[in-house]
Amino acid sequence: MKFPKVIKGKDILKVLVKHGFEIKSRKGSHVSLSNGEIHVTVVLPLTTIGVYKKIASKTGIPPNEFL
């Protein structure tokens, strides 16, 4: 499967919240989320392929769920 070069940050937020992450803070275009053990930061409005693949590996959520 070929992944897009960028995806919308709000789509990443929806998937993370669905998997039990809570928004802890927002500063400008950066949104910090946590599930108590894992902390991630999502950039709005767009996130590049390297960043969302890293978020996927850190959280254990398959990258294709973010699409």
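Since every read-out is calculated from the coordinates, none of them should be taken as a lab result. This is a predicted model, so every value here is computed, not measured.
What are the ³J(HN,Hα) values, in whole Hz, obtained from phi via the Karplus relation 6.51 cos²θ - 1.76 cosθ + 1.60 with θ = phi - 60°, for each residue of segment 17-27 in sequence order, with x given for Gly and Pro?
Calculated HN-Hα couplings, in order: 5, 4, 9, x, 7, 10, 6, 9, 7, 9, 10 Hz.
Let me make sure I get this right: for the chain, a, b and c are the square roots of the gyration tensor eigenvalues over alpha carbons, sorted descending. Under 1.5 in a/c it's rounded, otherwise prolate if a/b > b/c, else oblate. Which is it?
On the way: a/c = 1.92, a/b = 1.26, b/c = 1.52.
Here the chain falls in the oblate category.
Within the chain, how many lysine pairs that are 8 or more places apart, or on different chains, have C-alpha atoms less than 20 Å apart?
28
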